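I have placed the structure first, in the form of structure tokens, so that the comments after it can refer back to it.
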Amino acid sequence: MAITALTPHPRDVVSGLEVQLGKVILGKPEVIRDLLTALLGGGHILMEDVPGVGKTTLAKALARAFDADFKRVQFTPDLLPSDILGSSVYSPRDGTFTFKPGPIFANILLADEINRASPRTQSSLLEAMSERQASIDGTTHPLPAPFLVIATQNPIEFHGTYPLPEAQLDRFAMRISLGYPDPEREVDVLFSQAHHHPLEDVQRAVDARSVLAVQESVRAVRVDRAIARYLVALADGSRSHPSVKMGCSPRGTLILFRMAQARAFLEGRDYAVPDDVKAVAVPTLAHRLALETKAKYSGIQKDDLVRELLESVPVGA
């Protein structure tokens, strides 16, 4: 894509988004950084947390900040794939079918509480997330660029939830969690919403074309072959870990590569270092792991397994 003189500098795009997102999520700079890492690395985001901590608000703020075409779908048990993808509508007047696009034809699709829908409906996103296209009634339709799925889900222990299948989880670049704010920040939240919602203060920082330009800059970040071997060693270590039934896939390794590039870019460098891999390893790898039954019921956490790999796998592997 040609970058015109009117396109903002990539660093200005990042700082503008950080400022706008900081208006709605207080005291969570690392969450904002992970969100931007996934966005600029061209990946999708899974936000898993209890209700009411700001997952939906953060997604809406991102859409406002870069003036994107934004659609929100509330996932429920009776939601059908056609409710997301769209369908062909028959016209009795001339006997033709007209395609009516669904909400997936947007720059940002917020799949709210994705694990409340059936696995069949969840799986309707697979092609869109991996290939940026949707096949409906035998016709393939390209999706807008950039295209980003932000899915929120409640912990699977909550009533009325369906676990996301492994193939679905593998298509999310990162799984992030907002967590509860600390007490003082929660007091700030109370006063910040005393008269209006902070979402109303979020202004357009960049346009979709600028985001695409930054994504191109991220792909130009240099990654030394030794660092590539290191991240492959992390993925391979997850496959042979005794507590893991299914480790990181090659797709996951590629996404870890992209996220490391994006983190390096956010740190102001045009080259990646091992710390970039370490910074994104937990949110990028943990949700891709399937635990052995014994490990699952022993209370072992996937995040801790990735941290164990980071400690045990040497950088020069």
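The values are calculated or read from the model by the stated rules, or taken from the named source; none is laboratory data. Here the structure is a predicted model, which means the values were calculated and not measured. Virtual Cβ from ideal backbone geometry, glycine too; neighbours counted across all protein chains shown. Each accessible area value is taken on the protein alone, full model and side chains, heavy atoms only, with ligands, DNA and RNA left out. Shrake-Rupley method; radii C 1.70, N 1.55, O 1.52, S 1.80 Å.
For segment 2-47, how many residues are within 26 Å of Met129 (Cα to Cα), out of contact with any helix residue (DSSP H, G or I) (no Cβ under 8 Å at 6 or more places or on another chain) and either surrounded by 15 or more Cβ atoms within 10 Å (Cβ to Cβ) or at pLDDT 75 or above (or both)?
Qualifying residue count for the region: 1.
Any idea which residue in segment 168-198 is modelled with the lowest pLDDT, counting only those that are hydrophobic (A, V, I, L, M, F, W, C) and surrounded by 15 or more Cβ atoms within 10 Å (Cβ to Cβ)?
So the first thing to find is which residues in segment 168-198 are hydrophobic (A, V, I, L, M, F, W, C), and the list is 169, 172-174, 176, 178, 187, 189-191, 194.
Those left that are additionally surrounded by 15 or more Cβ atoms within 10 Å (Cβ to Cβ): 169, 172-174, 176, 178, 189.
Working: Leu169: 88, Phe172: 93, Ala173: 94, Met174: 94, Ile176: 88, Leu178: 79, Val189: 72.
Only one residue fits best here, namely Val189.
Under 8 Å between Cβ atoms, at least 6 apart or on separate chains: pull out the pairs that start in segment 42-58 with a residue that is under 8 Å from Thr152 (Cα atoms) and of a type in the set (S, T, N, Q) and end on any residue that is open to solvent by less than 30 Å² (accessible area, probe 1.4 Å) and part of a strand (DSSP E or B).
Cβ pairs passing all conditions: Thr56/Leu110; Thr56/Asp112; Thr56/Thr152.
Restricting to segment 19-48, name every residue that is outside any helix (DSSP H, G or I) and among the aliphatic types (A, V, I, L, M). I'd like the intermediate steps shown before the answer.
Start the filter on segment 19-48 by keeping residues that are outside any helix (DSSP H, G or I), which leaves 22-28, 41-48.
Across segment 19-48, the qualifying residues are Val24, Ile25, Leu26, Ile45, Leu46, Met47.
If a residue must be closer than 16 Å to Gly43 by Cβ, of a type outside the set (Gly, Ala, Ser) and in contact with a Pro (Cβ under 8 Å, 6 or more places away or on another chain), how many such residues does segment 208-229 contain?
Total meeting the criteria: 4.
Within the bounds of segment 262-272, is there any residue that is of a type in the set (Gly, Ala, Ser) and either touching a Cys at 6+ places or on another chain (Cβ under 8 Å) or closer than 26 Å to Gln168 by Cβ (or both)? Lay out the reasoning, then the answer.
So in segment 262-272, the residues of a type in the set (Gly, Ala, Ser) come out as 262, 264, 268, 272.
Next cut, either touching a Cys at 6+ places or on another chain (Cβ under 8 Å) or closer than 26 Å to Gln168 by Cβ (or both) only: 262.
So far as segment 262-272 goes, yes, one or more of its residues are of a type in the set (Gly, Ala, Ser) and either touching a Cys at 6+ places or on another chain (Cβ under 8 Å) or closer than 26 Å to Gln168 by Cβ (or both).
Looking at segment 273-304 only, could you name the residues that are of a type in the set (A, V, I, L, M) and over 21 Å from the mean Cα position of the chain (by Cα)? Step through it out loud before you land on a result.
Step one: of segment 273-304, the residues of a type in the set (A, V, I, L, M) are 273, 277, 279-282, 285-286, 289-291, 295, 300.
Within segment 273-304, Val273, Leu291, Ala295, Ile300 qualify.
Does Ser130 satisfy the condition of being surrounded by fewer than 15 Cβ atoms within 10 Å (Cβ to Cβ) and touching a residue at least 12 places away in the same chain (Cβ under 8 Å)?
Numbers: surrounded by fewer than 15 Cβ atoms within 10 Å (Cβ to Cβ): yes; touching a residue at least 12 places away in the same chain (Cβ under 8 Å): yes.
Yes.
Take residues that are open to solvent by 40 Å² or more (accessible area, probe 1.4 Å) and aromatic (Phe, Trp, Tyr) and tell me which of the helices (runs of 4 or more DSSP H) falling wholly in segment 203-266 contain 1 or more. So that I can check it myself, show each step before the final result.
Working: elements: 208-219, 225-240, 250-266.
Correct list: 250-266.
Working only within segment 162-202, note down all residues that are part of a loop (DSSP other than H, G, I, E, B), farther than 17 Å from Leu58 by Cα and aromatic (Phe, Trp, Tyr).
In the first step, residues of segment 162-202 are kept if they are part of a loop (DSSP other than H, G, I, E, B); the result is 162-165, 170-171, 177-182, 193-197, 202.
Now restrict to residues that are farther than 17 Å from Leu58 by Cα: 162-165, 170-171, 182, 194-195.
Correct list: Tyr162 only.
Please pick out the residue among Lys71, Lys100 that is within 16 Å of the chain's Cα centre (by Cα), at pLDDT 85 or above and among the charged types (D, E, K, R).
Working: Lys100 fails: within 16 Å of the chain's Cα centre (by Cα).
The unique qualifying residue is Lys71.
Have a look at Leu109, Leu80 and point out the one that is crowded, with 21+ Cβ neighbours inside 10 Å and not hydroxyl-bearing (Ser, Thr, Tyr).
Working: Leu80 fails: crowded, with 21+ Cβ neighbours inside 10 Å.
Going through Leu109, Leu80 in turn, just one is crowded, with 21+ Cβ neighbours inside 10 Å and not hydroxyl-bearing (Ser, Thr, Tyr): Leu109.
Given the criteria under 26 Å from Leu58 (Cβ atoms), out of contact with any strand residue (DSSP E or B) (no Cβ under 7 Å at 6 or more places or on another chain), exposed (fewer than 15 other Cβ atoms within 10 Å of the Cβ) and of a type outside the set (Val, Ile, Thr), does Ser124 qualify? Please lay out each step first, then the result.
On the way: under 26 Å from Leu58 (Cβ atoms): yes; out of contact with any strand residue (DSSP E or B) (no Cβ under 7 Å at 6 or more places or on another chain): yes; exposed (fewer than 15 other Cβ atoms within 10 Å of the Cβ): no; of a type outside the set (Val, Ile, Thr): yes.
Considered against the rule, which asks whether it is under 26 Å from Leu58 (Cβ atoms), out of contact with any strand residue (DSSP E or B) (no Cβ under 7 Å at 6 or more places or on another chain), exposed (fewer than 15 other Cβ atoms within 10 Å of the Cβ) and of a type outside the set (Val, Ile, Thr), Ser124 comes out as no.
Kindly provide the set of residues from segment 48-70 that are open to solvent by less than 10 Å² (accessible area, probe 1.4 Å) and in contact with a helix residue (DSSP H, G or I) (Cβ under 6 Å, 6 or more places away or on another chain), ordered by number. Walk me through it before giving the result.
Step one: of segment 48-70, the residues open to solvent by less than 10 Å² (accessible area, probe 1.4 Å) are 58-59, 61-63, 65-66.
Selection gives Ala61, Ala65, Phe66.
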